[in-house]
Amino acid sequence: MEDYADMVRRICLVHLKNRHDTEDVFQNVYMKYLLYEGSFESREHEKAWFARVTINACTDWLRSLSRRKWVPLSVLNEESRSLDEESAEILESVLKLPEKYRNVIYLHYFEGYSAVEIAGILGRKENTIYTWLSRAKEMLRKRLGGEQA
């Protein structure tokens, strides 16, 4: 739990935008881990398993009929208060990205996965991941007023 708890929480927060839902999904992910009967080939395989299971659990949570389709601004503001102004602005922009772009940005920049590794985690083609990363960066560049590369 010590190895992946921070990563699981960050993925949940990026997807759910709510600390309380994050804790619920966090517990679900670790329950799945405790009940998992397979074995992992390596620590990287285990880390990738956690990332994939967490993303799936967040998606399932959001699809749940009992979940609301919106997050009050007060909740987002509460979560971003602990960040400096620039980081809060970047977080807000990342959270506004469509889910597929949010996933690749998070896995690439926050968890350090390459496009090839992300393709394996998300079950997509490598070129699709490169395209999504490029589009996500362009969206963020426009939102944050950055220069063209």
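Worth a mention:
- Estimated inter-spin distance, Glu37 and Arg63, nm [label 7 Å along Cα→Cβ]: 2.4 nm
- Label-point gap, in nm, between Val116 and Gln27 - each point 7 angstrom along Cα→Cβ: 4.1 nm
- Counted charge near Thr54, where neighbours are those whose Cβ lies closer than 14 Å (Asp, Glu -1; Lys, Arg +1): -3
- The largest accessible area among His15, His45 belongs to the first residue in His45, His15, and the rest follow in falling order (1.4 Å probe, all chains).
The values are calculated or read from the model by the stated rules, or taken from the named source; none is laboratory data. Everything numeric here is computed off the predicted structure, so don't read it as measured data. Quick reminder, even Gly has a Cβ in these numbers, built from the backbone with ideal geometry, and neighbours come from all protein chains shown. All accessible areas refer to the heavy atoms of the entire protein, side chains included, with ligands and DNA or RNA removed. Shrake-Rupley method; radii C 1.70, N 1.55, O 1.52, S 1.80 Å.
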